[in-house]
Structure formats: structure tokens, C-alpha cells
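The structure appears right after this line, and notes come after that.
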Amino acid sequence: NGNVTIGDNHTDTLTINSRTGVSTDITLNNGLKVVGLSTFNNSVDVNATTAFGDDVTFETANTKNIVFDKSANKITFGDNVKIKLGDSGDGELYHDGSHTYLKDVGTGNLRLAAEDAVFIQKNTGGETIAKFIPDGAVELYHDNNKKLETTATGLTITGTPIISNLTA
């Protein structure tokens, strides 16, 4: 029938070396352990939970790969490799080599949601740029000094406002 069984109760070892070619499907009932580099030239279907015991690299068209580094516990995306969100990929997160982008490129709005306040800060030194406080103020800062704050009755400005073409 074209089937070949090697070993008894799947306890023996099958070695396929560089001179052995397999041109049809192989079914392994007790798993496959690969020692060394394996290259697959066509698709590989994995239909169950898969564990990778070390680093994993996903090669990209621009060679700026996606790498899971096990020892550092991180996933790194190369420049211009985008994380696409949503069924149509309407949300994007990526770095272009100079800037980082979080974009809504489709329909709808970009929303930041938090249980408490949302802070925008400079990465180094923790300098505050803006605060958005639920049921409270919106605060804008210049050089880490609060200059504008919304209040329940209006607006508080710290410093000297310079206003041109003001119509009351």
C-alpha cells in the first residue's frame, strides 16, 4: 500500500541523512525531535500547541526581522516592520528608524484608555508633558512646569499669556 513501518512500537530511531529524500508525507505518531538545522522549503502546518525552546527569528521582506530573544524575554521588531491590529489592519505600531508610530489608518478613532490618569512624559528624566485626569483637569506643561490647566469653572494659565486677535 506504499506505507513503510520502521521499528517496533515506535521506539527505534529513524535517521534521514542528506542523501535520503522524502517526496511524500511522513506521519510520526510520537513526535519529532530534530537535532541541528532543519530547512523547510514549503509550508509547515502545526495543528497543536508548539513550544520553541530558544530564540525564534521570523524573516521579513526587508531583512529587518522579528526576533524573540529567550534570554532577554523580549520580541524585537526591525525598522518598518509593523504590528497590524484589527481584521483589516487598521491599527499600526512601528518604528521607521527615526520615529515610533501608533496609528489608526482606517475608520474610527485612536483611543488611549486607562483606569486612572494618562500621562505623556519624556522617556529620559521623567519630564511631564501632559496629564489627562479622569473627572478632573487636563494639564499641559512646558519644560516640566505646568502652564495650562482646565478646571471645573474654566481654565487656569500660569505665566504671562500672549494672545493675539482675542475676541471676548
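The values are calculated or read from the model by the stated rules, or taken from the named source; none is laboratory data. The model shown is predicted, which means the values in this text are computed figures rather than measured ones. Neighbour counts run over all protein chains shown; Cβ positions are idealised from the backbone, glycine included. With ligands, DNA and RNA removed, areas are computed over all heavy atoms of the protein, side chains included. Shrake-Rupley method; radii C 1.70, N 1.55, O 1.52, S 1.80 Å.
Looking across the stretch 106-146, the residues that are within 26 Å of the chain's Cα centre (by Cα), β-branched (V, I, T) and outside any loop (DSSP other than H, G, I, E, B) come down to V118, I120, T128, I129.
Quick one: what pairs do we get from the stretch 96-116, first residue of a type in the set (D, E, K, R), second part of a strand (DSSP E or B), C-beta under 9 Å, 6+ apart or different chains? Between residues of the stretch 96-116 that are of a type in the set (D, E, K, R) and residues that are part of a strand (DSSP E or B), the close pairs are K103/G91; K103/E92; K103/L93; K103/Y94; D104/G91; D104/E92; R111/D104.
Filtering the stretch 70-95 to residues that are loosely packed, with under 11 Cβ neighbours inside 10 Å and not in a strand (DSSP E or B) leaves S71, A72, N73, D87, S88. Of all residues in the stretch 131-163, those being out of contact with any strand residue (DSSP E or B) (no Cβ under 8 Å at 6 or more places or on another chain) and open to solvent by less than 90 Å² (accessible area, probe 1.4 Å) number 6. Filtered by the rule that a residue be assigned to a loop (DSSP other than H, G, I, E, B) and open to solvent by 70 Å² or more (accessible area, probe 1.4 Å), the stretch 96-105 gives S98, H99, V105. Out of curiosity, is T128 among the polar types (S, T, N, Q) and exposed (fewer than 13 other Cβ atoms within 10 Å of the Cβ)? Against the criterion (among the polar types (S, T, N, Q) and exposed (fewer than 13 other Cβ atoms within 10 Å of the Cβ)), T128 does not qualify.
Can you tell me which residue within the stretch 74-88, out of those that are touching a strand residue (DSSP E or B) at 6+ places or on another chain (Cβ under 8 Å) and in contact (Cβ under 8 Å) with a residue 12 or more places away in the chain, is nearest to V105 (Cα to Cα)?
So, considering only residues that are touching a strand residue (DSSP E or B) at 6+ places or on another chain (Cβ under 8 Å) and in contact (Cβ under 8 Å) with a residue 12 or more places away in the chain, the one nearest to V105 (Cα to Cα) is K82.
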